[in-house]
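Data first, discussion second: the structure below is written as structure tokens.
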Amino acid sequence: MRLVLAILLGLSAAVCFAFRNPVAGAIAAAMATVVVIWVVLGRKQPVLKVTRTEITLAIADAEGRETSVAKVQEITPVGKPLVDIRDRSLFTKGRVDDIEVLPGVVAERMALGKYNIAKVVFEPPLEAGKTTTRRVTYKIYDGFIEDDVSLMFVGDYPTDRLSLRVDFPAARRPRRIRAFVREGKKPDRPADATLSPDGGHATWTVADVKVGVQYHFEWTW
């Protein structure tokens, strides 16, 4: 919309100059310039490149009341040192707690809509252009106690490869699994997730994770 406005203002300026109305043309041209600057500054530039994200959920009990989550990432700050990062947990039902990070410290926890977010501060900041392996662990309590359950990962940074693994308890295996990708208003896109022959774990690998796209994984006990 901003870009369209800039084009319209530019055309208006051209018309004004063509009809020998330099004052109106100069005003329209100046407004078009302001809008173009607005567009450029409004574009969010990536501050972080993620080479890989590996997420493992280990469900400890047959009731689904306690689940350990471990996330390992290879990250590279872009353009300038990385002072902090906001970690958005997997979206599930239940309560997220017991968060630990390495490197960095959890400086703040917040709820944003349906998400739990931890602000992680790096001291010293992570060096620009240098790849760092980081680890985040936390617990989900009472997240998978219903018969039909789901989780969702949202791309916050460009990511080359996402690997998701769910380890199911020996006393309870899923009867079916399903994975799909949701991007804006487009129809959901089915994805290939694999359940091991013994039903003990499921895996799903995604290449080229897009910012803002939702990656859903569901199963039925």
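No lab work stands behind these numbers, since they all come straight from the coordinates. Predicted model, so just to flag it, every value in this text is computed and none were measured. No Cβ is skipped: glycine too gets one built from the backbone with ideal geometry, and neighbour counts run over all protein chains shown.
The phi torsions of the stretch 180-186, fed into the Karplus equation with coefficients 6.51, -1.76 and 1.60 and a -60° offset, translate into couplings of 7, 10, 10, 10, x, 9, 6 Hz, rounded to whole numbers, with Gly and Pro shown as x. Cβ crowding within 10 Å, taken as a proxy for footprinting-reagent exposure, orders LYS80, LYS71, LYS119, LYS185 from fewest neighbours to most as LYS185, LYS80, LYS119, LYS71.
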